[in-house]
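Okay, structure first, notes after.
The values are calculated or read from the model by the stated rules, or taken from the named source; none is laboratory data. Computed from a prediction, not measured in an experiment: that's the story for all the values here. Don't worry about glycine lacking a Cβ; one is built from the backbone with ideal geometry, like all the others, and counts go over all protein chains shown. The protein model used for the area step is the full one, side chains on, heavy atoms only, and it has no ligands, DNA or RNA in it. Shrake-Rupley method; radii C 1.70, N 1.55, O 1.52, S 1.80 Å.
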Amino acid sequence: MGLTGNAAIVGAAQYKPEKYQSAPQMFHLEQVADLARLALRDAGMSIKELDGLVIHGPQFHEASIFVPAMAAEYLGIELNFAEVVDLGGCTSVGMIWRAAAAVEMGLCEAVLCVIPARMAPFGPNDDPMWMAQAMRYGGHSTAFGAPEAEFDLPYGHLGQNTGYAMIAQRYAAKYGYDPEAMAKIAVDQRFNAQGHQDAIFRGSELTVEQVLASKMVADPLHILEIVMPVAGGAAVIVTSKEKAAKAKNRPAFVTGFGERLSYKSPSYANEMTVTPLAQAASKAFAMAGVRPEDMDAAQLYDCYTITVLLSLEDAGFCPKGEGMRFIREHNLTYKGDFPLNTHGGQLSFGQSASAGGMSQVIEAFEQIAGRGGERQLARADQIFVSGTGGVMSEQGALILQGG
Ligand SMILES: CC(=O)CC(=O)SCCNC(=O)CCNC(=O)[C@H](O)C(C)(C)COP(=O)(O)OP(=O)(O)OC[C@H]1O[C@@H](n2cnc3c(N)ncnc32)[C@H](O)[C@@H]1OP(=O)(O)O
């Protein structure tokens, strides 16, 4: 049961992450069209070939219903398959497997997966950094009736930074904590970002000492272990094996996936140090018929260093409780023995709302397609990608394999 590797990623596009937008503002629909044009051009395909659309709907605050039909109308295409995915940082991974499954089922032949994420034009009273503000303070639902409103928010558990810090504290109590090993994640990823021309932190390398000396935001997480919100946006084309055979790029076949959702707030999780990625990843590996040790690289969702640590363990790259030892013993750069987040990850490439996770998918595709430039891996045939939504609550795993 599951995917059989008959659908592949053949093209992609993403905006260069920007801290403060200098580019002219675009409405979200304009971004959909722009990203579609760029991704189709990358794939060497025409818009007439598109008959599937997977879109991240929550960006469309102004018209949050009928989103796929509205986007299809704007693009001037008709669809055989449409889906809205809203899984926070797990959205990108969730989009890719849904598109691949629809193609394999014969529902459609070519799917645009798109996350328009640049900011819409501001009104006179809007805060231009609304996205950063929303992420800082509004990460958790304050909806009436939501348990967070009653049991989390009054105690200062506001948004993602504190949630991930709480998980890190629990991990430390259970398995111990090596701040230097954790800082090494950020340092090795920052090294990788120097090899990507669009990385937001290209041009500024890091040391472990700098990470540990940086501002403590939510103990034990320093500012340099946390993503900085940026503006972005991304699109990927997934198509059938037949069309992939004619594609411009070496295709990245989607051979395995897993998805698992748990409680939205870690406060209610039975076990904070084991995430739903454990189930998602083991399903993905089994579906593809491969093991963690077969992977040439891992692109792990990395909103925080603690996310990477837990993902390494839960995906099966090392046993539970041994992640810090694993990090100390391996070189995580694209020159190393365990290439991790070879574009710098969201920590150093940039995190733009839900499009942040698509940068990991796109980096896996680019490596498989042999387009990694100076950071290209000598061997990039099988790559693991993870997506993390909420506070480790929504987890997705993908296995991508070169054709
Ligand atoms: C979405 C999901 O489902 C799952 C997830 O991904 S969960 C994660 C979602 N993302 C977030 O919650 C965003 C987390 N980040 C933050 O909250 C903020 O960056 C922060 C609180 C860590 C720092 O904010 P701050 O203290 O107000 O910093 P601020 O005053 O804006 O900036 C100070 C400097 O540090 C830099 N900076 C800010 N955040 C930074 C970061 N995370 N890393 C590195 N540098 C950062 C700024 O660019 C600025 O530099 P300059 O002085 O040179 O301009």
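Values for this structure:
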{"quantity": "Any hit, region 333-347, residues being modelled with pLDDT under 95, among the aliphatic types (A, V, I, L, M) and buried (at least 24 other Cβ atoms within 10 Å of the Cβ)", "calculated": "no"}
{"quantity": "Sole residue being of a type in the set (A, V, I, L, M, F, W, C) and within 16 Å of the ligand (Cβ to nearest atom), chosen from Ala234, Ala281", "calculated": "Ala234"}
{"quantity": "Residues (more than 19 Å from Thr207 (Cα to Cα) and within 16 Å of the ligand (Cβ to nearest atom)) located in region 318-362", "calculated": "Gln351, Ser352, Ala353, Ser354, Ala355, Gly356, Gly357, Met358, Ser359, Gln360, Val361"}
{"quantity": "Output for region 241-270, where each listed residue is open to solvent by less than 10 Å² (accessible area, probe 1.4 Å), of a type outside the set (A, V, I, L, M, F, W, C) and closer than 30 Å to Met1 by Cα", "calculated": "Gly256, Gly258"}
{"quantity": "The lone exception for Ser282 - which of (1) small (Gly, Ala, Ser); (2) over 20 Å from Ile368 (Cβ atoms); (3) assigned to a loop (DSSP other than H, G, I, E, B) it fails", "calculated": "(3)"}
{"quantity": "Selection from region 365-403 of residues that are part of a strand (DSSP E or B), farther than 16 Å from Phe338 by Cα and within 16 Å of the ligand (Cβ to nearest atom)", "calculated": "Gly387, Thr388, Gly389, Glu394, Gln395, Gly396, Ala397"}
{"quantity": "Test: Ile362 is out of contact with any helix residue (DSSP H, G or I) (no Cβ under 7 Å at 6 or more places or on another chain) and closer than 22 Å to Asp294 by Cβ", "calculated": "yes"}
{"quantity": "Contacts under 8 angstrom Cβ, first residue in region 201-222 being without any contact (Cβ under 8 Å) to a residue 24 or more places away in the chain and of a type outside the set (Asp, Glu), partner near the ligand (Cβ under 10 Å from one of its atoms) and open to solvent by 60 Å² or more (accessible area, probe 1.4 Å), 6 or more apart", "calculated": "Ser214/Ile223; Lys215/Ile223; Met216/Ile223"}
{"quantity": "Members of region 305-317 that are open to solvent by 10 Å² or more (accessible area, probe 1.4 Å) and within 16 Å of the ligand (Cβ to nearest atom)", "calculated": "Asp314"}
{"quantity": "Helices (runs of 4 or more DSSP H) completely within region 1-116 that count 2 or more residues being open to solvent by less than 50 Å² (accessible area, probe 1.4 Å) and charged (D, E, K, R)", "calculated": "28-43"}
{"quantity": "Selection within region 286-322 - assigned to a helix (DSSP H, G or I) and over 13 Å from Ala397 (Cα atoms)", "calculated": "Glu293, Asp294, Thr305, Ile306, Thr307, Val308, Leu309, Leu310, Glu313"}
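Listed here are the residues, each with its yes/no results for (1) within 30 Å of Lys48 (Cβ to Cβ); (2) over 21 Å from the mean Cα position of the chain (by Cα); (3) modelled with pLDDT under 95; (4) more than 15 Å from the ligand (Cβ to nearest atom).
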site	(1), (2), (3), (4)
Gly106	yes, yes, no, yes
Leu112	yes, no, no, yes
Asp127	no, yes, yes, no
Pro147	no, yes, yes, yes
Gly156	no, yes, yes, no
Gln160	no, no, yes, no
Ile167	no, no, no, no
